[in-house]
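Asker: Questions regarding the structure given below will be posed in turn.
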Amino acid sequence: MPVESRPLRYFVAVAEERNFTRAAERLGIAAPALSRAIRSLEADLGVRLFERTTRVVALTEPGEVLLSQVRPALEALDAAARRAVRAGTADRRLLLAVKADADGGLLEHLLAAVAEEPGAEPVAVRLCGWRERTRLLRTGEADAALMFEPYDSSGIDADVVAREPRVAALPAGHPLAGAAAVRLADLGIGPDEVDDRAERDIAAQGVHDLAQLLALVGLGATTTVLPRSVAARYPRQAVSYVPLADCPPATLVIAWPEHSRSRGVAALVRAAASAAAALGMSAPGPDAAPARTPAPTSAARPRPPAAAASTRAPAGRAAGSPR
């Protein structure tokens, strides 16, 4: 049965606040009106969404199901509206989300290469934080993103651009600071702990960014692990970067919303692969294909050059081409 988006937004507000008064304040409407709207939604659906008492508002099982489904649906609806608005602007540009200094050293070369690609569009860079890139893709605030794995892949497609070694960031006075290489065990780190290591160390140390974390490393307060290209952007006299002999590589991907049909985004993906190849960066290995491999649905999807092709691309799908 068709349901309008407004009562669903009301439902999400109540589910998140677990209180009708707070939800009404958040929505800018009167609490009685919100209560009537929720009861009308329950009547339309034929199920009870909330258990209400004088003290508690709790989701029922149907309410839990609806909440899990409606959040991404509303997010997709809002994203579609944002993309439509951006598509209608006179100075339309693709927005590429990047965290400063976390682009594998590829960004400038990618921007230079994309102009040579058929179907390319002007690109603007949106700098963002550690966890913002996939959110920006899902909400329609960015068209593509450069980022290291791991990331929340829901609603996202991606191609591997490069793999690079990681290094240990050690205080200059550390006993292993002058070593040719160290092992993870030397630092008390397991192989499954290296992904997002710096981000987690930032949180654990109570600092705000990588520069502050490295200041603590230089003072001997901690150590961390970084992709080699990130370490190269942060030279510090008090910090030694030592190769890790047994550490899994850092994997850089270019990602886009999974339902994208944009030729401009496809050109950007091809340019990323071409720029990485020109720099001699690691080519994708045999496990580089995206985790989700839906069948291609659009004959108009531009096919990338061979340099962008993934070695495990699904039959009929041009790896590196947003769908």
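Asker: Taking amide H atoms as placed 1.01 Å from N in the peptide plane, list the residues 5 or more away in sequence, or in a different chain, whose amide H sits under 5 Å from that of Ala162.
Answerer: For Ala162, whose amide H was placed from the backbone, the distant partners under 5 Å are Leu252.
Asker: Another question, then. I'd like the accessible area for Thr21, computed on protein heavy atoms only with a 1.4 Å probe and all protein chains in place. Round to 10 Å², please.
Answerer: Counting only protein heavy atoms, the figure is 80 Å².
Asker: Give the ranking of Met281, Met147 by solvent-accessible surface, highest area first, calculated with a 1.4 Å probe.
Answerer: On the way: Met281 50, Met147 5 Å².
So the residues, ranked largest to smallest area, are Met281, Met147.
Asker: Hey, another quick one. May I ask for the net charge around Ala100, where only other residues with Cβ less than 10 Å from the Cβ of Ala100 are counted and Lys, Arg are +1 while Asp, Glu are -1?
Answerer: Cβ neighbours under 10 Å give a net charge of -1.
Asker: Any chance you could list P(r) for the range 1-62, counting all Cα-Cα pairs in 10 angstrom bins from zero, rounded to whole %?
Answerer: Final binned percentages: 23, 60, 16, 0.
Asker: A further question follows. Using amide H atoms built in the peptide plane, which far-off residues or other-chain residues are under 5 Å from Val225 H to H?
Answerer: Here Ala169, Ala198 satisfy the definition.
Asker: Show the residues, 5+ positions off or on another chain, whose built amide H is closer than 5 Å to the amide H of Phe50.
Answerer: Amide H neighbours of Phe50, under 5 Å, 5+ apart: Thr60.
Asker: Continuing with this model, one more query. Starting at the first residue of the range 179-190, write each ³J(HN,Hα) from the Karplus equation 6.51 cos²θ - 1.76 cosθ + 1.60 with θ = phi - 60°, in whole Hz, x for Gly and Pro.
Answerer: 6, 5, 6, 10, 10, 4, 4, 4, 9, x, 10, x
Asker: Something else now. Using a Gaussian network for the chain with springs between C-alpha atoms less than 10 Å apart, which of these wobbles most: Ala231, Ala23, Ala276?
Answerer: Of the options given, Ala23 has the highest mean-square fluctuation.
Asker: While we're on this one: Specify the residue with the greatest mean-square fluctuation among Ala179, Ala30, Ala84, computed from a Gaussian network of the chain linking alpha-carbon atoms under 10 Å apart.
Answerer: Ala30
Asker: Counting DSSP beta bridges in the range 1-134, what percent are antiparallel, to the nearest 5?
Answerer: 35 percent
Asker: Keeping all protein chains in place and using 1.4 angstrom, which order do Leu45, Leu106 fall into by accessible surface area, from largest down?
Answerer: Putting Leu45, Leu106 in descending order of accessible area: Leu45, Leu106.
Asker: Can you give the Rg/Rh ratio of the range 24-128, where Rg is from the C-alpha atoms and Rh is the Kirkwood radius?
Answerer: 1.21
Asker: What FRET efficiency comes out for Asp209 versus His259 if R0 is 35 angstrom and r is the Cβ-Cβ distance? Round to the nearest 0.05.
Answerer: 0.60
Asker: Further question on the same structure: Using a 1.4 Å probe over the heavy atoms of the protein chains, calculate the carbon and sulfur portion of the accessible area of the range 104-148 as a whole percent.
Answerer: C and S atoms contribute 53 percent here.
Asker: Note down the accessible area of His109, probe 1.4 Å, to the nearest 10 Å².
Answerer: Accessible area, nearest 10 Å²: 80 Å².
Asker: Another one. Which angle from 0 to 90°, rounded to the nearest 10, does the C-alpha axis of helix 5-17 make with the longest principal axis of the chain?
Answerer: Relative to the chain, helix 5-17 is tipped by roughly 70 degrees.
Asker: Could you provide, to the nearest whole Å², the per residue accessible area of the chain with probe 1.4 Å? Could you put the intermediate results ahead of the total?
Answerer: Details: 15870 Å² over 323 residues.
Per residue, the chain has an accessible area of 49 Å².
Asker: Tally the DSSP beta bridges in the chain and give the antiparallel ones as a percent, rounded to 5.
Answerer: Numbers: 24 of 34 bridges.
If we restrict to bridges inside the chain, about 70 percent are antiparallel.
Asker: Please state the relative contact order of the range 1-136 as a whole percent: Cα pairs under 8 Å, 6+ residues apart?
Answerer: Values: 104 pairs, mean separation 24.1, N = 136.
Normalised by residue count, the contact order of the range 1-136 is 18 percent.
Asker: Hey, what's the Cα Rg ratio for the chain versus the globular rule of thumb, 2.2 N^0.38 Å?
Answerer: In units of the 2.2 N^0.38 Å rule of thumb, it is 1.19.
Asker: Shifting gears a bit: In whole Hz, with x marking every Gly and Pro, tabulate ³J(HN,Hα) for the range 206-218 from phi via Karplus 6.51 cos²θ - 1.76 cosθ + 1.60, θ = phi - 60°.
Answerer: With the stated coefficients, the range 206-218 comes to x, 10, 9, 7, 5, 4, 5, 4, 5, 5, 5, 4, x Hz.
The values are calculated or read from the model by the stated rules, or taken from the named source; none is laboratory data. Bear in mind the structure is a predicted one, so any value in this text is a computation, not a measurement. Neighbour counts run over all protein chains shown; Cβ positions are idealised from the backbone, glycine included. All accessible areas refer to the heavy atoms of the entire protein, side chains included, with ligands and DNA or RNA removed. Shrake-Rupley method; radii C 1.70, N 1.55, O 1.52, S 1.80 Å.
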